[in-house]
Amino acid sequence: MKPLRLSLCAALAVFAITAAAQQPTAPQPLPDDPLARVLFPPELVMQHQQDIALRAEQRAVITKAIQDFQTKVVDLQWRMQDQAQRLAALLEKPTVDQAAALAQVDEVLGVEREVKRAHITLLIQIKNTLSAEQQAKLAAARATAARPDLRVY
């Protein structure tokens with residue numbers, strides 16, 4: 001029973017990490033996250049589209065990028081689920097074949113890497129669609145949102 005419980009915990013951990021990685025946007029960026037400081041999640045752009053004077057053609061490009069990302073991630077979620085189930089099956093055995101289990105972990109991590117790469121690709125496409133002025137306005141809006149004492153009510 002103990003190996004089953006361990007394998008279920010491991011599978012849940014993999015699923016939790018995967019679910020977090022598959023979100024198209026992250027919650028408020030950590031102050032020391034260098035990528036979050038220079039990239040713009042879709043909801044930030046949507047939230048401030050009037051403030052940054054987002055043009056219709058820019059909105060169309062960003063919408064298409066988001067749709068492409070979501071399509072890709074759905075496929076990756078199926079693959080991740082399959083690979084995680086395979087890992088759980090290996091871990092359920094009374095004696096785990098370490099080499100096989102670690103090879104399967106590599107498979108799971110490979111799919112996770114693809115999810116993260118797709119997410120970064122989306123964020124780069126969004127940034128490249130925005131002008132330098134729009135980026136500066138979004139960066140200022142993000143900084144203001146991160147510092148409650150600077151918000152205007």
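Here, each number is a calculation from the coordinates, and none is a lab measurement. Bear in mind that the values here come from a model prediction, so they are computed numbers and not experimental data. FYI the Cβ positions are ideal-geometry reconstructions off the backbone, even for glycines, and counts take in every protein chain you see.
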Roughly how many nanometres apart are two label points built 7 Å out from the Cα toward the Cβ at Lys116 and Trp78? 2.5 nm
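Using the Cα centre as the reference, give the magnitude of the dipole from point charges on the C-beta atoms of segment 66-140 (Lys, Arg: +1; Asp, Glu: -1; all else neutral), rounded to the nearest 20 debye.
Values: 9 positive and 10 negative charges, 56 e Å.
In debye, rounded to 20, segment 66-140 gives about 260.
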Non-local Lys pairs in segment 33-153, i.e. 8 or more apart or on different chains, that have alpha carbons under 27 Å apart: 9
Ordering of 80-91, 46-57, 107-118 by burial proxy (mean other Cβ atoms within 10 Å per residue, highest first): 80-91, 107-118, 46-57
Please work out how much length the chain gains when fully extended from Asp106 to Asp51, using 0.36 nm per residue of separation minus the C-alpha to C-alpha distance, in nm with one decimal. 15.4 nm
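What does the charge count near Leu90 come to, summing +1 for each Lys or Arg and -1 for each Asp or Glu among other residues with Cβ under 11 Å from its Cβ? Intermediate results must be reported in sequence, preceding the final value.
Working: positive: Arg86, Lys93; negative: Glu92, Asp97, Glu107.
With Lys, Arg at +1 and Asp, Glu at -1, the net is -1.
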Find which of Trp78, Leu90, Val61 sits farthest along the positive direction of the dipole of segment 40-92, computed with +1 on the beta-carbon of Lys and Arg, -1 on that of Asp and Glu, about the Cα centre. Val61
